[in-house]
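J.: Sharing a structure, written as structure tokens. Questions coming.
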Amino acid sequence: MVGNYVLQMAKDVKDEAERHWISINNYSRNLDVIERDGEKIVINRSVESIMLTRRRLKTVINKIMEESKAIAELLIELGEEKRRSAEYEQKCEEDLDNLIKERKELQEKFEELDLMLKIVLELVMNENGAVDRCEDDSKILNASDDDDFEQGVGVQKENKLYL
């Protein structure tokens with residue numbers, strides 16, 4: 001974009017300079033030994049116009065060069081930012097991969113703990129069932145001992161189970 005602008009400006013200056021030099025050359029051919037003042041004035045004005053155009057072009061070129069330097073610096077900064085962004089993206093991807101691995105490990109541990117909990121729960125239920133059966137057996141034995149005692153048998157069993 002800036003390059004096209006500079007090229008167009010240079011073309012415009014060249015065209016303007018050519019127009020002035022054509023008129024200068026025409027007047028130079030028409031000059032006689034005396035050098036008429038009118039033609040001299042036209043030539044001087046043309047030369048001044050060319051010099052003014054050159055100064056404007058120089059100013060524009062200097063401004064464009066400053067802008068180009070600024071753009072070059074921005075491009076360098078952009079390259080650095082892209083590099084930092086790529087490094088950060090890579091780090092984030094690594095962190096994400098690590099988190100996914102950690103999640104899988106935690107999921108496996110959760111499944112193991114869940115299985116252990118089921119086994120412990122099953123063991124507790126089995127033990128509770130055994131305790132309940134023992135309590136039932138104890139009640140039955142106690143009840144049968146009480147029945148024997150009430151009937152006057154007077155035999156005491158030594159197999160009482162107290163829980």
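J.: Residue by residue through the stretch 62-79, note down the ones that are of a type in the set (Gly, Ala, Ser) and closer than 17 Å to Ala10 by Cβ. Steps first, answer last, please.
T.: Within the stretch 62-79, the subset of a type in the set (Gly, Ala, Ser) is 68, 70, 72, 79.
Passing the criteria: only Ser68.
J.: Please verify whether Asp148 is outside any loop (DSSP other than H, G, I, E, B), modelled with pLDDT under 55, surrounded by 10 or more Cβ atoms within 10 Å (Cβ to Cβ) and among the acidic types (Asp, Glu), treating the condition exactly as stated.
T.: Details: outside any loop (DSSP other than H, G, I, E, B): yes; modelled with pLDDT under 55: yes; surrounded by 10 or more Cβ atoms within 10 Å (Cβ to Cβ): yes; among the acidic types (Asp, Glu): yes.
Spelling it out, Asp148 is indeed outside any loop (DSSP other than H, G, I, E, B), modelled with pLDDT under 55, surrounded by 10 or more Cβ atoms within 10 Å (Cβ to Cβ) and among the acidic types (Asp, Glu).
J.: Among the residues of the stretch 117-145 satisfying the criterion of being exposed (fewer than 11 other Cβ atoms within 10 Å of the Cβ) and of a type in the set (Gly, Ala, Ser), which is modelled with the lowest pLDDT?
T.: Ala143
The values are calculated or read from the model by the stated rules, or taken from the named source; none is laboratory data. As the structure is a prediction and not an experimental result, all values here were calculated from the model. Backbone-built Cβ (ideal geometry, glycine too); neighbour counts: all protein chains shown.
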